[in-house]
DNA sequence: GGACTGACACTGG
DNA sequence: ACCAGTGCCAGTC
């Protein structure tokens, strides 16, 4: 497990409940705004369910990878909905309101 | 040591 | 507005 991994896991773990972050945000917190690929890869390599809420990490579309490791995209949607993340009729998370602001802390409008 | 892969993001047409 | 191609980074073979 490299330091980059730890940074990714920590960034993901910092995502407050009811909020989601994009790979780009995690990459930015990691120190490399362009490392969005590596971020997703880190999560894929070490899913660590229970410790790393991958379900709170979505791409810039507000949607997760085509192959979710938690059991299915429906599971993630259900979890995020339970957390209070607004979802659009398209099946994507409403990034306009659910997107977490890194550094700004856990806001709750 | 080099090359390929991969849960993304951005720019160009 | 949409589709396609390219670039980034880290890890693994």
For segment A:81-100 versus segment A:11-28, the gap between their alpha-carbon centres in whole angstrom: 13 Å
For chain A, built as a Gaussian network whose Cα springs stay under 10 Å, the top-fluctuating residue of A:64, A:79, A:48: A:48
Cα Rg over Rh - chain A, Kirkwood: 0.93
Chain lengthening between residue A:90 and residue A:61 when straightened (0.36 nm per residue, less Cα-Cα): 9.4 nm
Selected from A:50, A:31, A:40 as most flexible by GNM, with chain A as the system and alpha-carbon contacts under 10 Å: A:50
Tensor-based shape of segment A:1-52 (alpha-carbon gyration tensor, a/c under 1.5 rounded, otherwise prolate or oblate): oblate
Relative contact order %, chain A, counting alpha carbon pairs below 8 Å whose residues are six or more apart: 31 percent
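Where a number appears in this text, it was derived from the coordinates with a stated rule and is not lab data. Source: prediction; values computed, not measured.
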